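The values are calculated or read from the model by the stated rules, or taken from the named source; none is laboratory data. In this text, all values refer to a predicted model and were calculated from it rather than measured experimentally. Please note: Cβ atoms are built from the backbone with ideal geometry, for glycine as well, and neighbour counts cover all protein chains shown.
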Amino acid sequence: MQTLTKISTAVTLCAVSLQVSALDITINNDSTAEAAFAFSYVDKDSGKWVVDGWYNVGAQSSGSLSVNSDNDVYYLYAELENGKAISDPQGIKLPIADGSFFYAQSDGLKQATRNVSFVRASASQGKAQINIK
């Protein structure tokens, strides 16, 4: 999937509890294109920044995922089937692959197909919401 343009996304923060055991992310895709997401976050077991992809959310649908992190800071990158992308040219550049992948940033990704720029985002007490218009 080509990444042609940057689209806007709103990251809405939700406060639910004081103790965070995982990073829960809800994605509302109101666009007419399926979206595939990759995330980077601090893995709470290893303490390392990891990169994890792909999570698919269908057009005009919602999905949620829970990642193994107790850190409210994370990074995201998304490609939509219409060729658009959620990225930040000033963001952190990380390698990704066309198929599923999971790796520690410090180790790199051997089967990487390209580098892309991730958007910095934050949750509130382990809860985040991403809205694609």
query = Residues in segment 94-114: is at least one closer than 24 Å to residue 30 by Cβ and surrounded by 15 or more Cβ atoms within 10 Å (Cβ to Cβ)?
reply = no
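Here's the yes/no breakdown for (1) hydroxyl-bearing (Ser, Thr, Tyr); (2) more than 20 Å from residue 133 (Cβ to Cβ); (3) under 15 Å from the mean Cα position of the chain (by Cα):
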position	(1), (2), (3)
71	no, yes, yes
75	yes, yes, yes
78	no, no, yes
81	no, no, no
88	no, no, yes
93	no, yes, yes
100	yes, yes, yes
107	no, yes, no
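From 31, 17, 62, 40, which residue is surrounded by fewer than 16 Cβ atoms within 10 Å (Cβ to Cβ) and either in a strand (DSSP E or B) or modelled with pLDDT of 95 or more (or both)?
After applying the criteria, what remains is 62.
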query = What residue, among those in segment 115-130 that are out of contact with any Ser or Thr (no Cβ under 8 Å at 6 or more places or on another chain) and free of Cβ contacts under 8 Å to residues at least 60 places away in the same chain, is surrounded by the fewest Cβ atoms within 10 Å (Cβ to Cβ)?
reply = 115
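Matching residues to (1) outside any strand (DSSP E or B); (2) modelled with pLDDT of 95 or more; (3) out of contact with any Leu (no Cβ under 6 Å at 6 or more places or on another chain):
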site	(1), (2), (3)
69	yes, yes, no
95	no, yes, no
98	yes, yes, yes
115	no, yes, yes
121	no, yes, no
task = Only residues that are in contact (Cβ under 8 Å) with a residue 40 or more places away in the chain and farther than 22 Å from residue 133 by Cα: list them for segment 32-42, please.
result = 40
